[in-house]
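Written out below as structure tokens is the structure these notes cover.
What follows is calculated from the coordinates using simple rules that are stated; it is not laboratory data. Keep in mind that this is a model prediction, so the values were computed, not measured. Backbone-built Cβ (ideal geometry, glycine too); neighbour counts: all protein chains shown.
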Amino acid sequence: MPELPEVETVKRTLNALITGKQIQNVTVRLPRIIQRPDDIQAFANMLAGHTVVQVERRGKFLRFVLDGLVMVSHLRMEGRYGLYQGEEPLDKHTHVIFHFTDGTELRYTDVRQFGTMHLFQPGEDLLLPPLKKLGEEPLAPSFTPERFKAIVSGKSTKIKPLLLNQEYVVGIGNIYVDEALHRARIHPETGAKALTDSQLDLLHHAIVATLTEAVNAGGSSVKSYVNGQGESGSYQHQLLIYGRKDQPCASCGTLIEKSVVGGRGTHYCPRCQPQAKAEK
């Protein structure tokens, strides 16, 4: 699933590609992608005539801000957007097409068919699902070390599942949680309330640094991710821990191990990220 760096990269490329374009009409080829309204013809009719003002991101969601409407889009596992000329052949997995008045088309393709789209009046989208309960943005100025400590303080859960919980901090998925915990030298099964202030400072810095570097590299193309222009990210070449089971840790040479934490495959270095005895 695309995480914050990948969705941020898609956002940036879409802004360069479609800002200022006016929607002439919309074709929906897979109705279940459209979650709100529940009538695909109403969805298409509402969008017709509107112009794209900008594309924003909230967590792992894209917000298409139009002149009078907001469309919230979740890419889920395999969702992609691409801009095409109207005469170009359709991919068989193309499910929604936004036809612009200049003859170009924004096409949404999704091999797994898990993506969703919701249409709202401006401001309404932030007060209703799926964005309503989202937590802190880790790259926002408000995400200070003090704010992070307040989020984690007193939580009885393990630190990895806490960081994956989008109601606390948004956008950090499996790849970047593993990377940040490794940078901070924290075992993924450590109880959140057991972390010291200095460990939380290190983890806060690791989260921000990891995500910032990943955004600058265009995200990680570990599986099938590409941006809005069909280009792959490159951060996968900088990953220190994720996907490196049985390879030597870059810091100490110890072989990287993989386990399951909170139902997710988890990579860590047993030497750099020792587990406290009481937690074993």
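Summary table
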| item | result |
| --- | --- |
| Which of Ile241, Ile40 has the fewest Cβ neighbours within 10 Å, and the rest in rising order | Ile40, Ile241 |
| Cα-Cα over 19 Å, subset of Lys160/Lys193; Lys11/Lys133; Lys155/Lys258; Lys60/Lys133 | Lys11/Lys133; Lys155/Lys258 |
| Net lengthening on full extension, Thr27/Glu56 (0.36 nm per residue, minus Cα-Cα) | 8.2 nm |
| Simple spin-label estimate for Leu128 and Lys193 in nanometres, 7 Å along Cα-Cβ | 3.8 |
| Gain in span if fully extended, Met77 to Asn45, counting 0.36 nm per residue against the direct Cα distance | 8.7 nm |
| Taking the range 145-279 and dividing mean pair separation by its residue count, relative contact order in percent (alpha carbons under 8 Å, at least six apart) | 25 |
| Proxy reagent accessibility, fewest Cβ within 10 Å first, across Glu167, Glu87, Glu8, Glu179 | Glu87, Glu167, Glu8, Glu179 |
| Taking Thr190, Thr157 and counting other C-beta atoms within 10 Å, the order from fewest to most | Thr157, Thr190 |
| Additional length obtainable on full extension of the chain from Asp67 to Lys149, 0.36 nm per residue less Cα span | 25.7 nm |
| Å³ per residue enclosed by the Cα convex hull of the range 145-279 | 113 |
